[in-house]
Amino acid sequence: MAILVLAAIFFLGPLISAIRFSLEQTNGKDGLGNYTQLLHNAALGGSLVTSLEIAALTTAIMLALMLPTVVWVRLRLPRLALLVESISVLPIVIPPIVMAAGLATLQSHASAGLSNLIFSSPLTALTPVYVILAMPFAYRSLDVGVRAIDLRTLVDAARSLGAGWTTVLGRVILPNVRTAVLTAASLTVALVLAEVVIAETLLYTTYPVELVDTGQAQLGVAVALSVLSLAITWMLLLAISFIGNRGASRARIGRLL
Amino acid sequence: MGSVAVLEQSLPEDPAARRRRGIPRGAWVGIVPFTLYVLVFLGGPLYEVIYGAFTTTGGSLTWHNFSQTFSQPEYRSAFEESLKISVVTSLLGGFFGVWLACAVVTAGPRSPLRRIVGSGAGVLAYFAGVPLAFAFIATLGRYGEATTLLGHVGIDLGASGFDISSLTGVELAYVYFQVPLMVLLITPALEGLRPEWREAATGLGASTFGYIRHVAAPVLAPAILGGLLLLFGNAFAAYATSYALVGIYVNLVPGWIQQLISGNVLVDENGIGLALGVEMIVVIAVVMVAYGLLQRRATRWLR
């Protein structure tokens, strides 16, 4: 039982400290001053908007690319399932800093046209690579979802009623793998809002990059925002497990019927 | 995030995949967009890293960049520190993670402790990077809560030479996500230890130590070793936490790569940074292959 006490101190200590620290204002009184800075600090607010835009676009591209692929592989190319899954896990082998180094080199060699097209804004420069970083867990969670449903029957039924592939994907499969899609989307958003190494190396001011800069001058604000982003990540993960449990119980009921 | 935690649950193989033989003609067209995307956006940067590492700025083939990373003391020292921090934090994370998981598993499957630690580990394993760094600064930084608290009881952290913005601080912060990751990785294996095995061993006259030595340890060994490998790779690739805690001049391989790439060093030494990058990939690839091989053995007894 000693380990439980030890673990409680080590894991709760920094969390409690961060919350207390974030409530200490520069005027000496306790309050939410550090938290309201997000609304007053234009640089932080602007970087948060940038990051949210990247998150939305990354999630959209990730789903548009991965869901059809996962469905197609399970339906038509089951023999290649292991191969495609291995490809999707590849990004794990490449540390973010090495990815950043490759992109920075690409950036410095790029022609003016390519530079204007891709590297002129964080949205176009970071989104494609964030989709790659999201691939390993996005592929897995979508694959788990697609395998849990009777894909072939659903697709055959929809096709025999005259549905095209877009309808099959959007109106038959998508509603059935909602949980998996939400899981993949939440993890992708969490990843984009936390990624600092690539953005910093390529000199784009996204939210986490701005957060580190803020910490140099206003530590209290940076700690407050860290608490906030932890709380948001926590809620996202909690929501996933909640939706996941509900989905699982519904699946069980479905089998009973 | 950006952690290898993704591999924590591996997918069982689909038996249908083995039964069906042959690929329907034209079906491969369906995976062309995915494959092309990976080739361009993963292959592109990867090609730049490998090409740049093996060529001079003029474009001719060279081994110079790699030999520099081996001969220059600063790169050797960064590699040693990176390996050291990965070994130390994965051993610490592994030790406390297994201990914690054992305490939780023996508490029984229905206990609230199991639920709390399980969901806590699930969240904390992903709690890395900038927020984690700031939480530690708020705790053990110069004006941190724990520093102040210790000051009241007469312990001066600053005077003792402790600095959260140092490699020791980075180690401490890494352990914070390594322990929960190990709990996640090892709990299924611990749950797979059947009570019947213990009863059978005791029935044949084995002591507790004998049971652990001859039954539990051999069954768990591949899972524990695999977990340690994942933890090692996790720490070796990590950079966000140490960047937020110490900054770009941290004496770890990722820090040097960023310095060399960003041109913060006198001469144009891009190639050396890229060579360090290739070396990082090789280390992690070896670790991952070893993990994959161990994973096969680990699941043998745990069906």
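The values are calculated or read from the model by the stated rules, or taken from the named source; none is laboratory data. Because the structure is a prediction, the values reported are computed rather than measured. Reconstructed Cβ throughout: ideal geometry from the backbone, glycine too, with neighbour counts over all protein chains shown. With ligands, DNA and RNA removed, areas are computed over all heavy atoms of the protein, side chains included. Shrake-Rupley method; radii C 1.70, N 1.55, O 1.52, S 1.80 Å.
Rounding to the nearest 20 debye, state how big the charge dipole of chain A is about its Cα centre with +1 on each Lys and Arg Cβ and -1 on each Asp and Glu Cβ. Walk me through the numbers before you get to the answer.
Details: 15 positive and 11 negative charges, 271 e Å.
Roughly 1300 debye, rounded to the nearest 20.
Kindly provide the pair-distance distribution of the stretch A:1-130 built from C-alpha pairs, with 5 Å bins from 0 and whole-percent values in order of increasing distance.
P(r) for the stretch A:1-130, in whole percents per bin: 2, 8, 9, 10, 12, 12, 13, 13, 10, 7, 3, 1, 0, 0.
Rounded to the nearest 100 Å², what is the sum over both chains of accessible area buried where B meets A, with a probe of 1.4 Å?
The B and A chains share an interface burying roughly 6800 Å².
When only the heavy atoms of the protein chains count and the probe is 1.4 Å, how do A:D156, A:D143, A:D30 rank by accessible area, highest first?
On the way: A:D156 90, A:D143 0, A:D30 120 Å².
Highest to lowest solvent-accessible surface, that is A:D30, A:D156, A:D143.
So, for the protein assembly as shown, what is the accessible surface per residue at a probe of 1.4 Å, expressed in square angstrom?
It amounts to 48 Å² per residue over the protein assembly as shown.
Please say if chain A is rounded, prolate or oblate, where rounded means a/c under 1.5 for a ≥ b ≥ c the square roots of the C-alpha gyration tensor eigenvalues, and otherwise the choice is prolate for a/b larger than b/c and oblate otherwise?
oblate
With n ≥ 4 as the cut-off for DSSP H runs, can you work out [θ] at 222 nm for chain B, using -39500 (n - 2.57) per run divided by the number of residues, rounded to the nearest 500?
That comes out to -21500 deg cm²/dmol.
Report the trypsin sites (Lys or Arg not before Pro) located in the stretch A:2-108 that are in a DSSP loop and have at most 10 other Cβ atoms inside 10 Å of their Cβ, or state none.
A:K29
Report, please, the projected area of chain B averaged over directions, based on the convex hull of its C-alpha atoms, in nm².
Here the figure is 23.2 nm², rounded to one decimal.
With just the Cα atoms defining each centre, how far is the stretch B:151-185 from the stretch A:134-189? Give it in Å.
Each part's Cα centre sits 43 Å from the other's.
At a 1.4 Å probe, what is the % contribution of carbon and sulfur to the accessible area of the stretch B:55-122?
Carbon plus sulfur share of accessible area: 66 percent.
Hey, got the dipole for the stretch B:28-137? About the Cα centre, +1 on K and R Cβ, -1 on D and E Cβ, debye to the nearest 20?
The dipole magnitude comes to about 600 debye.
Let me spell out the model: positive unit charges on the Cβ of Lys and Arg, negative unit charges on the Cβ of Asp and Glu, origin at the Cα centre of the protein assembly as shown. What dipole size does that give, in debye rounded to 20?
2960
Roughly to the nearest percent, how much of the accessible area of the stretch B:194-300 is carbon and sulfur, given a 1.4 Å probe? Walk me through the intermediate numbers first.
On the way: 3120 of 4760 Å².
Summing carbon and sulfur atoms, their accessible area is 66 percent of the total for the stretch B:194-300.
By accessible area of protein heavy atoms, probe 1.4 Å, what ranking do B:V283, B:V153, B:V250 get, highest first?
On the way: B:V283 35, B:V153 110, B:V250 5 Å².
Final ranking, largest accessible area leading: B:V153, B:V283, B:V250.
Over the C-alpha atoms of the protein assembly as shown, what are the Rg and the largest Cα-to-Cα span, Dmax, in Å?
Rg then Dmax for the protein assembly as shown, in Å: 24.6, 79.
So which residues of the stretch B:131-149 lose at least 50 Å² of accessible area, probe 1.4 Å, when you go from the chain by itself to every protein chain present?
When all protein chains are present, B:P131, B:F134, B:A138, B:E145 each give up 50 Å² or more of accessible surface.
Inside 10 Å of the C-beta atoms of A:124-130, what's the mean count of C-beta atoms belonging to other chains?
Working: counts 0, 0, 0, 1, 6, 4, 1.
Taking all residues of A:124-130 together, the mean is 2.
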